[in-house]
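Student: One structure coming up, written as structure tokens, with questions to follow.
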Amino acid sequence: MIKKYLILSLFILLSINYALAQGNYGIIFPKSESERNQSCRSCFSAFQQKPKEVNFTIKNDNGNLYFHTNDKTWFNSLFTSNDDGIAIDVVSNDIYDCTIENIKTDQIRGELLRPVYASRLKSGLKSIGENSYRVLVGKLPDNLKNKELEYNMLFLGNKTLCRYQIIYDIKAYKWDLLDMGMYLDSISFKNERVSDTGDESFQITYKTLRFKIPFEKNKTQYSSADIKPVYDSLNLTNFNIKSINIKAYSSIEGSLERNIELQQERANSIAKAIQSYQKPNIRTTISSSENWVEFLNDIEGTQHENLKLLSKDELKSKLVGSFSQDMEHYLKNHRKAVITLELERKDIYKAKSSTELVSLFNSSIKDGKLDEAAQIQNSIFEKLKNKEVSPDILKNMEIPAQLKFINFLNNNSAIKYQLDQKQLIIVRNELETLKKLEAKNPKVRYNLVALKFLIWRHNIEPVNDDKFKSEIYALKSFGIDQQLIDRMMINYHIIKSEKYMRERDYKNKDKSVNYITNAYKKVSLSDFDYFSLAQYLVYYANTDKAAELLTKKVRSIDVDEDLLFYYLNLTLTDNELTKTDAYRAIMLNAINLNSNRYCKIFNAVENGGVTFQLLANDYLRKSYCESCTQ
């Protein structure tokens, strides 16, 4: 009787385990590390040896789910036995709805699909482009087709779960070359967002100035007299204001709607006061937000630091009455406008027609009035940049091929290239002719090297890497500023890293990337450049370095929006970092800058988000539900 009972008990236990296994398609979920290590040795080895440049993801193509990778050799190393494979866990975003109190924390988050094992994976892998492969690993169940979904991966070794992988969509791009500009009378950059180096020779037509104006409590109107000291300090004798960008910030106490309204009034008043100083209309952009980031930064390490633990609504409700007055010594510093002015040099020939300008230019050249001719040439260039005249105007400018006119000839060639990069080889040949006229002319030498970068990158003509490097460094002997040479050397290693990557020479690729991460500190970079550099580092699998690069920038109230959101994309998956007070200030800064963009981070990968599975983090879910569902 006892024997029958034991047999029956054993049968029931085996039946339960069999049913559980069948519910998970026979996948074994190990109960100990030793059990996992024994079954997953090959899988662990493949991931340990995976070059950081190897990428993989799951993509939905009309209900068919494909595993994508850029490395066939690594893919095949994952599956050494017949029982090594992949299974997909299809996760729906409705499990993170803000009305749900307790988020599901099971190991399988959604609906598990039948595994695909080594034989089918290897035979089904197809090339779909250069270094791009995919294989079918599942089909979307009908009950999930109308939902917002993501696809987690189970990597299996001997039918055992070895690795559960969530895919995050962190944008990464090959970095375009740093704008080297072209040497006209001085350096003229294509990208007006290039940072001012502080050297006047780097600026020919445009300047960008930034300053701050504090706001007095309850004051909304600014007169021209209030702005005059600022205006006078700009020394605008030779410049007009082309555009104004005003970012207005209120202190955090009081109604959000009233604070935004107040800042708009203040910003409009400032714009009107500045406009009163010149007749040409000024293009104006205004944005307003509450200054959470500086408030949270300022109370750090003080007796009020515990306020950081409160939600936004809780904090606002506390900042009233006498407590608000007690905190005024902090709050008064948070009411301000950050104003960025783009300036353009005044042009006394602006009203002249193109025919008149060409006639005046040719006469000035003929009469030897070279200073006057230079001003007219710049006026023509401005009309070309603004597309007010045809590039054919350059053919009508009569400049003798003589040494004393070499700068005019160089300018015409340089602007021709800036207007149309298809003229690359024609302009290069023109500059080579000018080099024969004056071999040591620094502007001609610089422009030739700048053009050679494009010839090299696009394989238009063969370029000897080592000789080209020597050519770049040799610019110093012609009087070219070291910062310009440093920018060129960053570009040199951008191209080298691309070439090494194509050759799968990861060791030398890393050397070029390391050169760039050290060299960028030597040159003056704008927020735009920092943002681009971070994307470049992520493209070459240096995510930690990218985040480190941006960390100091993102705690500033006037941080560039693209840069701030890219930092969030890089770091939101770090559960420990997102718990910190400093990170909360950064998140609030992002919400204030663009709440819609912040909320979209938590969309599905296929819908432009990083991943909605970030909402499994209680802290991030609280932030999302507070800011994105009202």
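Student: When the label point is put 7 Å from the Cα of Ile95 along its Cα-to-beta-carbon vector, which residues of segment 596-618 have a backbone N closer than 11 Å?
Tutor: Correct set: 613, 616.
Student: Still on this structure: Return the aspartates and glutamates within reach of Lys387: Cα separation strictly under 19 angstrom, same-chain partners fewer than 8 residues apart disregarded; answer none if there are no such residues.
Tutor: Straight-line reach from Lys387, under 19 Å: Glu192, Glu344, Asp347, Glu356, Asp420.
Student: Another question, if that's okay. Loop-only check: which chymotrypsin sites (Phe, Trp or Tyr not before Pro) in segment 300-404 are DSSP coil with at most 13 other Cβ within 10 angstrom?
Tutor: When the chymotrypsin sites (Phe, Trp or Tyr not before Pro) of segment 300-404 are filtered for loop state and at most 13 Cβ neighbours within 10 Å, nothing remains.
Student: Further question: How high is the relative contact order of segment 200-345, in percent, counting Cα pairs under 8 Å that sit 6 or more residues apart?
Tutor: About 47 percent, as a whole number.
Student: For the pairs Lys242/Lys622; Lys247/Lys552; Lys352/Lys422; Lys72/Lys499, flag any whose C-alpha to C-alpha distance is greater than 31 Å.
Tutor: Exceeds cut-off: Lys242/Lys622.
Student: Separate question: In straight Cα distance, which lysines are under 21 Å from Lys31, not counting same-chain residues fewer than 8 positions off?
Tutor: Output for Lys31: Lys104, Lys159.
Student: Cut-off is 10 Å between beta-carbons; in what order do Val135, Val463, Val444, Val554 appear when sorted fewest neighbours first?
Tutor: Val463, Val135, Val554, Val444
Student: OK, next. Are there trypsin sites (Lys or Arg not before Pro) in segment 30-137 that DSSP puts in a loop and that have at most 16 other Cβ atoms within 10 Å, and which ones?
Tutor: Loop-located and lightly packed - Lys31, Lys52, Lys104.
Student: Looking at the chain, send over the antiparallel percent of its DSSP beta bridges, to the nearest 5.
Tutor: Here the antiparallel bridges make up roughly 85 percent for the chain.
Student: While we're on this one: Ranked by Cβ crowding within 10 angstrom, fewest neighbours first, how are Thr69, Thr433, Thr611 ordered?
Tutor: If I rank by nearby Cβ atoms, fewest first, I get Thr433, Thr69, Thr611.
Student: To continue, here is another question. Find out how many positive minus negative residues lie around Leu615, taking Lys and Arg as positive, Asp and Glu as negative, among other residues whose Cβ is under 14 Å from that of Leu615.
Tutor: Summing Lys/Arg as +1 and Asp/Glu as -1 gives -2.
Student: Cut-off under 20 Å on the C-alpha distance; same-chain residues fewer than 8 positions from Lys600 excluded. Which aspartates and glutamates are left, in chain and number order?
Tutor: Asp94, Asp97, Glu148, Glu150, Asp169, Asp560, Glu561, Asp562, Asp574, Asp618, Glu626
Student: In segment 544-622, what trypsin sites (Lys or Arg not before Pro) fall in a loop by DSSP, with at most 13 other Cβ atoms inside 10 Å? Show your work: numbers first, answer last.
Tutor: Details: sites: Lys545, Lys552, Lys553, Arg555, Lys579, Arg584, Arg597, Lys600, Arg621, Lys622; in loops: Lys552.
The qualifying sites are Lys552.
Student: Between Lys272 and Ile426, what is the label-to-label distance in nm when each label sits 7 Å out along the Cα-to-Cβ direction?
Tutor: Distance between the two pseudo-spin positions: 5.1 nm.
Student: Continuing with the same structure: R0 = 56 Å: FRET efficiency of Ser243 with Ile103, Cβ-based, nearest 0.05?
Tutor: Here the calculated transfer efficiency is 0.75.
Student: Return P(r) of segment 27-165 (all Cα-Cα pairs; 5 Å bins starting at 0; whole %; ordered from short to long distances).
Tutor: The percentages, shortest bin first, are 2, 10, 19, 21, 20, 14, 9, 4, 1, 0.
Student: Ok, one more. What does the helix-only formula give at 222 nm for the chain: each DSSP H stretch with n ≥ 4 adding -39500 (n - 2.57), the total divided by the residues, and the result rounded to the nearest 500 deg cm²/dmol? Please report the intermediate quantities before stating the final value.
Tutor: Values: 25 runs with 285 residues, N = 630.
Computed mean residue ellipticity for the chain: -14000 deg cm²/dmol.
Student: Out of all Cα-Cα pairs in segment 349-396, roughly what percent, to the nearest whole number, are more than 12 Å apart?
Tutor: 57 percent
Student: Only Cα pairs under 8 Å and at least 6 apart count here; give the relative contact order of segment 402-557 as a rounded whole percent.
Tutor: RCO, segment 402-557: 14 percent.
Student: Between Thr551 and Asn594, take the C-beta separation as r, use R0 = 22 Å, and let me know the FRET efficiency to the nearest 0.05.
Tutor: Values: r = 20 Å, r/R0 = 0.91.
Once rounded, the FRET efficiency stands at 0.65.
Student: Computed over the Cα atoms of the chain, what is the convex hull's projected area averaged over all directions, in nm²? Could the numbers behind the result be given before it?
Tutor: Details: hull surface 153.4 nm².
Hull-based average projected area comes out at 38.4 nm².
Student: Additional query: So how far apart, in nm, are the two label points at Asp562 and Glu216 if each is 7 Å from Cα heading toward Cβ?
Tutor: 4.0 nm
Student: Follow-up question, since we're still on this one. Please compute the modelled spin-label separation between Ser42 and Phe478, points set 7 Å along Cα→Cβ, answer in nm with one decimal.
Tutor: 6.0 nm
Student: Separate question: Would you list Lys212, Lys352 from fewest to most Cβ contacts within 10 Å?
Tutor: Lys212, Lys352
Student: Rounded to two decimals, what is the ratio between the C-alpha radius of gyration of segment 74-147 and 2.2 N^0.38 Å?
Tutor: Details: Rg = 16.0 Å, N = 74, 2.2 N^0.38 = 11.3 Å.
Here the Cα radius of gyration is 1.42 times the empirical estimate.
Student: Just need the relative contact order of the chain here, percent rounded to a whole number, with Cα pairs under 8 Å and 6+ apart.
Tutor: 14 percent
We did not get these values from a lab; they are worked out from the coordinates using the rules stated. The model shown is predicted, which means the values in this text are computed figures rather than measured ones. With ideal geometry, Cβ positions are generated from the backbone for all residues, glycine too; neighbour counts draw on all protein chains shown.
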